[in-house]
Amino acid sequence: MKRSHIYKMVLGLAIAALTQTSCSDEWDDHYNGTSTDPAAGVIGATLWDAIQKDPNLSNFASVVQACGYDKSLGGSQVFTVFAPTNSCFSAEEAQKLIQAYNEEKGKVDDDENTTIKEFIQNHIALYNYSVSPSSKDTIVMMNGKYALMGADNISGSKYLTANQHYSNGVLFTVGDKIGFFSNLFEYMRKDSDLDSIRSFFYNPMFYRSEFSPSESVAGGIEDGKTVYLDSVFRLQNDLFSILDARLNAEDSTYLMVAPTNRVWKELLEEYEAYFNYDNTVNDRDSLVYTMPRLAITSGTTFSRTFNSDVSLRDSAISTLAPTSGLVRERLWGNDSLHYYEYFHPLSPNGVLTGTTDVTCSNGTMMKSDDWKFDKTNTFFQTIIIEAERAGVIREVSTYTNAKDEKEETILPRTRYVLSDNAFYKQVSNNAFVEFEPRRSTSNHTVVFNITNVLSNIGYDIYLVTAPALANDSNATAIQRLPTNLRCTLGFHDQSGAEQKEELVSSVTTQPDICDHILLAENFKFPVCTYGLYENMPQVTLTVETRVSSSQLRNNSHTRTMRIDCIILKPHQE
């Protein structure tokens, strides 16, 4: 049996033990008056000694021993035990729990075994706890659940005996089993309507036990490696971090909208096509499994800290919705985009309506058989590629000079739109890149990187140019000339081979405006790059000037390009 639940806070135990020795006379009188067990206070008598010798606790003792907790309760670690007597916990119930324990043993982590987590650890707390006539404290049980410890009951279960002190803790007997109240994460395992989302969240790919060296007790060095006397393991779930929602935390409160199995199946059948990665992508199988399921669950959990009953009348802010415009701009390229935030969530078509609600220990599970989340408000987002952002420009055209050296034909310069300029807030992010020709005898090429595209889903693709006036309100007529452009999209096919598709062969920019040039309508990429960390992104847009020498001589066009951004917008019929 793993002993992570036994050796967690050694220093805390010492402090707790010390605090128990400094009591008032009134407290001592209370303690002496309620400690009725003949073994109480006897040196060497442990909690397990008392439990196994008490005939009224035989059923509880059988479960404790079957699960190996007799060793824990007979050791030196300090506990407080709230043991249900045979009057409320029958032998038949004990045998069912033992059978359930054996069926799960070896298949799940000990701390996730239902019998241990929901029964044994639900009746045991770390450290010494005693009660007085005025007691009203909240304590944490071994399974992390909070319990209200009053003068005569623990979470509603009445004490039959109390404050029985032994060498390694305190024993109470109770007339009712302490009820186990599932949190959101635990509830997924109990509701057959949620089997699909449960399989995702409990997948060992994300949910696992990890060794915590900082919490473990080191015993020395052998063969150059630390040997631990007692090892502490923590259950970790990567999805909680990805979704920014600690669904197993008892000190947090959430609303979670969860699709029923029927809805999950329908969404998954649709979404899988959007996350088709090419065959050369590392961990492709893992991504193909994970990403469509993340797409279903992302933005469906709401912290009650930021979503009071009053605020929900206006909007629901999920755990993935940044409230800061600066953060939204950094994530999505525009501070006006509000993904994972839902306005009027309680209206007839709101995301929080039409659900079956189940109260959990840390919030409300809202089972939905009528899914109200629109993918264009979650993962299917407008992609804004700002030309001035680091890493966006992959390369520019070059030529070989007289010294047989490569030189760029065009020089990128970032230009900023000041607040007193007429184009302030018209240019995306109030910045653009001006590509100034360094070689006048040729046209020029710029290749832009595009990331996070979805597959088999339509995008309207725009190239946005900025006017010379956006940087210089006194720009001359020559500086304000239009240019001709050719645009070619690069992307991969299923095999990973690079493909090229010319979107426009020649288009003339419009001077003196922020020109949104539609390059493609409802374009569908065959493979996805969503969530990939790419040194050389698969998807590129090549922009070339197509200005003739005669156009230059006639001062009708320029080979200077001013690129604001590239926009891939979800197509709407």
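The values are calculated or read from the model by the stated rules, or taken from the named source; none is laboratory data. Owing to the predicted nature of the structure, the values given are computational and were not obtained by experimental measurement. Note that we place each Cβ from the backbone using ideal geometry, even for glycine, and neighbour counts take in every protein chain shown. To get the accessible areas, we keep the full protein, side chains included, count just its heavy atoms, and leave off ligands, DNA and RNA. Shrake-Rupley method; radii C 1.70, N 1.55, O 1.52, S 1.80 Å.
Compute the projected area of the convex hull of the Cα atoms of the range 333-437, averaged over all viewing directions, and report it in nm² to one decimal place.
So the Cα hull casts an average projection of 12.7 nm².
In Å², and per residue, what accessible area does the chain have when probed at 1.4 Å with the other protein chains present?
That works out to 47 Å² per residue.
If the cut-off is a Cα-Cα distance under 18 Å, which aspartates and glutamates reach K375, setting aside same-chain residues fewer than 8 apart in sequence?
Cross-link targets: E266, E269, E270, E272, E341, D460, E573.
Could you tell me what % of all Cα pairs in the chain have separations over 31 Å?
63 percent
Give me the percent of accessible area attributable to carbon and sulfur for the chain, probe 1.4 angstrom.
48 percent
Which entries of K71/K105; K105/K145; K107/K367; K117/K190; K403/K500 show an alpha-carbon separation above 24 angstrom in the structure shown?
In this structure, K107/K367; K403/K500 lie more than 24 Å apart at Cα.
Using a basic spin-label model with each label point 7 Å from the Cα along Cα→Cβ, how many nm lie between K71 and M205?
Taking the two extended label points, one gets 3.5 nm.
How long is the range 422-573 along each principal axis, judged by its Cα atoms, biggest number first, in Å?
For the range 422-573, the Cα spread along each principal axis is 48, 34, 32 Å.
Enumerate the amide H contacts of T364 below 5 Å, restricted to partners 5 or more residues apart or on another chain; note that Pro and chain-start residues carry no placed amide H.
Y254, L255, M256
For q values of 0.17, 0.18, 0.25 Å⁻¹, compute log₁₀ I(q)/I(0) with the Debye formula on a Cα-only model of the range 301-394, without solvent.
Once normalised to I(0) and log-transformed, intensities are -0.81, -0.88, -1.40.
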